[in-house]
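I have placed the structure first, in the form of structure tokens, so that the comments after it can refer back to it.
The values are calculated or read from the model by the stated rules, or taken from the named source; none is laboratory data. Everything quoted here is computed from the prediction, not taken from an experiment. Cβ placement follows ideal geometry from the backbone for every residue including glycine, while neighbour counts extend to all protein chains displayed. Surface areas here come from the heavy atoms of the whole protein model, side chains and all, with no ligands, DNA or RNA. Shrake-Rupley method; radii C 1.70, N 1.55, O 1.52, S 1.80 Å.
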Amino acid sequence: MEPKLVLDRHQFDTFFESLHKHGYEIIGPTLLDGAVVYAPVDSPDELPVGWTDEQQGGVYRLKRRGDQALFGYSAAAHSWKKFLFLPTLKLFEAYRTSGGPEIRHPQPDVRRRAFLGVRACEIASMEIQDRILIHGTFQDTAYVQARNAALIVAVQCLQSGGTCFCRSMNTGPEVTRGYDLLLTEITGPQKHVFIVDVGTDRGAGILEGIALAKADEADLKHAGDLVDEAAAHMGRVLDQNGIKELLYRNYEHPRWEEVAKRCLTCTNCTIVCPTCFCTTIEDVTDLPGGKAERWRRWDSCFTLDHSYLHGGCVRCSGLSRYRQWMTHKLATWIDQFGTSGCVGCGRCITWCPVGIDITEETAAIRSSGDASSSIFGKKGE
Amino acid sequence: MAGKRKPRLAVWKFASCDGCQLTILDCEDELLSIAAEIEIANFPEVSSAIMKGPYDISIVEGSITTPDEAERIHRVRRSSRFLVAVGACASSGGLQALRNFKDVNEFISFVYATPAYIEALNKSTPVRDHIRVDFELQGCPPNKYQLMEVLSACINGRKPAVAQHALCLDCKRKGIVCVMVANGTSCMGPVTQTGCGVICPSYRRGCYSCFGPMETPNTDSLASWFGRLGMPSEDIVREFRTMYGWSEAFRRESEAREKETKA
Ligand code: SF4
Ligand code: SF4
Ligand code: SF4
Ligand code: SF4
């Protein structure tokens, strides 16, 4: 194993320079309109220095930290999905010519990007999307290109957020794989350093030319303690025990009606979810009908069009749409792709405008569940 | 489409502010290509040369507020092959439908020197309440790209790509930080149909639903959340009583909340 290194806070500018020198555009955490978001950052000053957040169902607030930590917040407002699996993507243009239709494909975006500040749950969510978009039946070329071009600079969570439950989902808070470089931030009155793990040669290349000390025992212990502490302070829990069977048994549970009364079918939970991958295809034409464009846009199982078959929509009620979403995330995903579709990042809870909580809904079904039978079987089957 | 005659377009005004028609004129760059593909046969705001019907596409702006309009809209329907109602007035009764919640004769007696000259219907109603409408384009005023899309779809013989889901989906596609979650600002986005381009949240203010209800608006849940954000019931009533106040979903909600304020 590579020895762990120490990057001093004062060397962070040099670290940024090195990333730039290697041709990477840096995408990292920064403050925007009252939240931490991932966006292009040019210098460490643009990071959320000394900021953290408080998250509950439907509520997000920035707060000052007592220190100058760069990565002292929990899950950011939007996930990295928007850089890998673009919200809108032009697939092609078609022109009417005398020799028939002529198709033109847009130039692929081949920018190299360094993702700075990727969390354990976010690596897990990328792996879930990889399974679908790279290793599935069809390859999504735009995703493959963006994913291969992305350098992952991960960070260990210093603290878990109020809506986080990655521990329940076995996806965090400790980063153990899937990174090029991994930083553990240690802040104290005397020092501010980052313990660096090197995951790949590509990551090692970035560190070349930066004079890094070797981490000593005390630093390593400190780093380990921070990760343990984050794990001990998870905001939420989602009991995974027999989850698939539990939900399959309870398609007719009265709790779905309760949640449907609150659900706005607004799509926010699906769009902030780092694993949701539904899209819709839209064709537009110009007035003379000589040119057409085909666009792909993020879609959601909360829209009526999502389940539109000829003549009508299959999931007309809010109930059936919320149930589809939650059971897909937590249960049918397992049958479909071999893992849960949820990594426990808590975004769907925080960014639901009315604070609907997937952990609470599951717990409610579990505690009163199995009292009702369903089309999929009876209690105890 | 060589040899074929151009589709003929008519634009009709009922009780409205003209904002929708201005949206058509605002398609500056596209107007030439509209004129190349469509014969503007009856559009008094653009040209005094008015050709007789029938028309292939009729765009109707405005609500029905007078006995005369209630008759005229039938004539428009008879002379139109494809009829599109555009804007809040045509699709829900508009801002002037706020009078529907009160007694119109009282307003008339206050406003006009000689109330006897005024002939108005009790209620301001959407076009759909009077005739069959082929397509409704929401928005006060509607979005010009959506308007172009509807025209383009009409003449190219396809379904218009006009989404009916919540504004939130486009808000998130644009990467905007939710004003309600992050700032505690009330936002009608979750019950509002997308189409405006997410203007208000882009400027850090809540949506006030100038595009009207989305496909399945859960107004009760959102109104309750507004209450939790600290909004008094009277203000919740007002949130649902703007240009789409007479749409069924918003009307039911404001009436239910109004009862609460009186209880
Ligand atoms: S379902 Fe919710 S908690 Fe789970 S990964 Fe998606 S957004 Fe995160
Ligand atoms: S669960 Fe929340 S975020 Fe998801 S559709 Fe319903 S109201 Fe919107
Ligand atoms: S700001 Fe408004 S429109 Fe945007 S996600 Fe929040 S509630 Fe929806
Ligand atoms: S955000 Fe809402 S109020 Fe603002 S322009 Fe769009 S639809 Fe109208």
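Observations
Condition check ((1) within 16 Å of ligand 4 (Cβ to nearest atom); (2) surrounded by fewer than 22 Cβ atoms within 10 Å (Cβ to Cβ); (3) not in a loop (DSSP other than H, G, I, E, B)) across all residues:
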| residue | (1), (2), (3) |
| --- | --- |
| B:Glu215 | yes, yes, no |
| B:Asp220 | no, yes, yes |
| B:Gly227 | no, yes, yes |
| B:Glu234 | no, yes, yes |
| B:Tyr244 | yes, no, no |
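- Test result for B:Asn183, facing another protein chain (nearest Cβ under 7 Å), more than 14 Å from ligand 4 (Cβ to nearest atom), under 26 Å from B:Leu22 (Cα atoms) and open to solvent by 20 Å² or more (accessible area, probe 1.4 Å): no
- Pairs with Cβ under 6 Å, 6+ apart, first in the stretch B:24-51 and modelled with pLDDT of 90 or more, second assigned to a loop (DSSP other than H, G, I, E, B): B:Ile38/B:Lys6; B:Ile38/B:Pro7; B:Glu39/B:Lys6; B:Ala41/B:Met51; B:Asn42/B:Ile50
- Within the stretch B:162-171, the set of residues being touching a Pro at 6+ places or on another chain (Cβ under 8 Å) and within 7 Å of another protein chain (Cβ to nearest Cβ) comprises B:Ala166, B:Cys168.
- Condition met for A:Leu238 (assigned to a loop (DSSP other than H, G, I, E, B) and within 16 Å of ligand 4 (Cβ to nearest atom)): no
- Count - residues of the stretch A:240-277 that are open to solvent by 50 Å² or more (accessible area, probe 1.4 Å) and within 14 Å of ligand 1 (Cβ to nearest atom): 1
- Selection of first residues in the stretch B:150-161 that are closer than 16 Å to B:Leu83 by Cβ and more than 9 Å from chain A (Cβ to nearest Cβ) and of second residues that are charged (D, E, K, R) and open to solvent by less than 40 Å² (accessible area, probe 1.4 Å), restricted to Cβ pairs under 7 Å at least 6 apart or on distinct chains, gives the following pairs, ordered by first then second residue: B:Pro160/B:Glu149.
- Close pairs from the stretch B:177-203: first at pLDDT below 95, partner within 16 Å of ligand 1 (Cβ to nearest atom), Cβ under 6 Å, at least 6 apart: none
- For the stretch B:136-146, the criterion of a residue being within 12 Å of chain A (Cβ to nearest Cβ) and either at positive phi or in a loop (DSSP other than H, G, I, E, B) (or both) is satisfied by no position.
- Per this entry, A:Cys276 is not counted among residues that are within 12 Å of another protein chain (Cβ to nearest Cβ), outside any loop (DSSP other than H, G, I, E, B) and within 14 Å of ligand 2 (Cβ to nearest atom).
- Residues of the stretch A:296-311 satisfying the condition of being at pLDDT 95 or above and in a loop (DSSP other than H, G, I, E, B): A:Asp299, A:Ser300, A:Cys301, A:Phe302, A:Thr303, A:Leu304
- Taken together, A:Arg347, A:Arg294 contain a single residue that is touching a Leu at 6+ places or on another chain (Cβ under 6 Å), away from ligand 4 (no atom under 16 Å from the Cβ) and either in contact (Cβ under 8 Å) with a residue 12 or more places away in the chain or closer than 30 Å to B:Ile38 by Cβ (or both), which is A:Arg294.
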